[in-house]
Structure formats: structure tokens, C-alpha cells
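These notes are about the structure you will find just below.
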Amino acid sequence: MIQMSSTSKTKLGVLASGTGSNLEAIMKSCQKKEYPAYVGVVISDHKDAPALKKAIAHNIPGVFLNSKLFESREAYDQMLLATLKQYQVDLVILAGFMRILSPIFVQAFPKRILNIHPALLPQFRGSHAVQDVLKAGLTETGCTVHFVDEGVDTGPVILQAKVSILKNDTEETLHQRIKEKEHILYPKAIFEVIKSLK
Ligand code: GAR
């Protein structure tokens, strides 16, 4: 259950596969006295994910769950769920977690799983969004925080921010500018969701 008291903070479980720059932005927001959440655990499917190191540097438990040890997506997701429950997490935050979650997982946290995506959904779903946006030759893109449902990048949008595409942008330069917006958008969206639940 989400914490309903106005004094207690909401416990976040962050799932991250990679760099963890969004995780870092969230942890930074959580350091502010008035921010209504704290990160209780970070879980990664990559043993050497910088996100895990960042969590540990902030004295937050970092857990590696090796998908190779599980025979199916569902079996892995059951272990993810068990770990999140062990840490008594209220909200699940996907921050660059590059796995599709099974219905078992999504149903266990209804309207309690958030994701960030580097495009203006519903356009450019999937794992190559920045590359696909560049190929489409547009002048504007952005990022989206949304609730996770059983589809891929299909859940209800919470917040979006726009980013201009420059003439000489590469995937790296564009993604970097999108991430700068993400780092502001994600903590704000988490705040809004918690406020709406209290
Ligand atoms: C972010 O740009 C996020 O939007 C994207 O992965 C990056 C993670 O960066 N997520 C997806 O593409 C999900 N489909 P980070 O590890 O530095 O936070």
C-alpha cells in the first residue's frame, strides 16, 4: 500500500539497467526535506550497471538479479516482485530498465509503476526511440513519464517535455539533451503522482 500519511515518505523501488542518470536525479530530489519520497532499493539486471554503483554510493541497497538464472520472463518477474516486496516498496520507478515486464508484474502494482521514455509518446514507442526520431527527420521530440500497463510504452501519460532537434544532432547529442529534460521531469512526475494518491 502507498503511504497515506502526510508526514511519512513514499518508498521507491528503482529498476535500472544502465547509467542511472535518472536514478541520480531522483536520489538528488529525495535529499530535499520537502520531497515526499525516498529510494529504498535499486534493482538491476546488469551486474556492472553504473546505476547499482550510484545507489551504493548513496547508501541505498543495490540488488543485481541475473535474468540468466531464470527460465522464463515470468519467473524473473516473480523474483523482482519478491525483492520489491521484501523492501516494502510503495511505487516502482523504471529508470532505463530495458526489459518488458510481464502482466504478473504489472498487475501486482496497479497504477504504481512509472516509466520514463525518450520520446513524445504515443509516438516512437520501443527501445530505439531516439534513433527512430532522428530517422523521421522531425524538428521536435521530447520525453514522457507514464504509468506502465501491460503494453509496451502504452500506459497513461503523466507528464511530457519537449526538446528541439538540431540540424547536426547525432543520436548521442540528442539523447543527452533529452536526458537533461528527463532529470527535471521524472522527479516532478513522481511528486505529482504521490500528491494525487494522498
Ligand atoms: C533514458 O533516456 C530513458 O528515457 C531511456 O533510457 C535512458 C536511461 O538513461 N528509457 C528507455 O528507452 C525505455 N524504453 P539513464 O540510465 O542515464 O537514466
(request) Calculate the dipole size of the chain relative to its Cα centre from +1 charges on Lys and Arg beta carbons and -1 charges on Asp and Glu beta carbons; express the result in debye to the nearest 20. (result) 620
(message) Positive end of the dipole of the chain, charges at C-beta (+1 Lys, Arg; -1 Asp, Glu), about the Cα centre: which of PHE191, LEU114, THR154 has its Cα farthest in that direction?
(response) PHE191
(message) Checking a compactness column here: for region 123-173, what do you get for Rg(Cα) / (2.2 N^0.38 Å), N being the number of residues?
(response) 1.21
(request) Mind sorting CYS143, CYS30 by how few other Cβ atoms lie within 10 Å of their own Cβ, fewest first? (result) CYS30, CYS143
(message) With angles folded into 0 to 90 degrees, how steeply does helix 73-86 sit against the dominant principal axis of the chain? Use alpha carbons for both and round to 10.
(response) 60
(message) Nearest 10 degrees is fine. How inclined is helix 171-197 to the longest principal axis of the chain, computing both from alpha carbons?
(response) 40
(request) Count neighbours as other Cβ atoms within 10 Å of each site's Cβ, and list the GluC sites (Glu not before Pro) in region 106-198 that are DSSP loop with at most 14 such neighbours. (result) GLU150
(request) Let me know the whole percent of all Cα-Cα pairs from region 1-144 that are separated by more than 28 Å. (result) 22
(message) Give me the one-decimal Kirkwood hydrodynamic radius in Å for region 86-184, with the sum taken over alpha-carbon pairs.
(response) 14.1
(message) At a threshold of 8 angstrom on Cα-Cα distance, excluding pairs fewer than six apart, so keeping six or more, what relative contact order does the chain reach in percent?
(response) 21
(request) Please give the helix 21-30 orientation as an angle from the longest Cα principal axis of the chain, in degrees from 0 to 90, rounded to the nearest 10. (result) 50
(message) Let's test the formula: R0 of 25 Å, r as the Cβ-Cβ distance of ASN168 and ASP132. What FRET efficiency results, to the nearest 0.05?
(response) 0.85
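No lab work stands behind these numbers, since they all come straight from the coordinates. Source: prediction; values computed, not measured. Glycine gets a Cβ as well: all are built from the backbone with ideal geometry, and neighbour counts include every protein chain shown.
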